Amino acid sequence: MTRLFLLTILVALSTPATASAATYIYDVPDLDEKVLDEWETYPLLREKIRLRVTTLDGTPLAWVYTLRAYEGGLPACRHLGMVAEAAEAAGAPQDYLDELRGRPCKGIESDESA
């Protein structure tokens, strides 16, 4: 069985005014849902709610992760790297990949604090 998930990828640049986001709907199998829950830190930092979304194909209900509180700061380097790898696998243009990989992020070794 699969469930629809609405996932937004938010990539923060230097200021909120220059941030960008893309939203996608995915069919997620039950086994992968558990991994996604862990990745999204559900239920520790996020809640999971159902939301009706409007698409070109209709208005399905989809699961959405929502923050319990504002995180702020830079995106995690690990998350940004996974987005870049997925974009590359999907055939994204090289200039987009270069820009994505050059964005500031916060990692274990980083001196950046959010």
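Every number in this text was worked out from the coordinates using simple rules, so none of it is lab data. Please read these numbers as outputs of a predicted model, since none were measured by experiment. Cβ sites come from the backbone with ideal geometry, for glycine too, and all protein chains shown count toward neighbours.
In nm, to one decimal, how far is the Thr54 label point from the Ala92 one, both placed 7 Å along Cα→Cβ?
Here the modelled spin labels are 2.8 nm apart.
So if R0 is 25 Å, what FRET efficiency would Leu44 and Tyr24 give, r being the distance between their Cβ atoms, rounded to the nearest 0.05? Spell out each step's value before the answer.
On the way: r = 24 Å, r/R0 = 0.95.
Computed FRET efficiency for Leu44 and Tyr24: 0.60.
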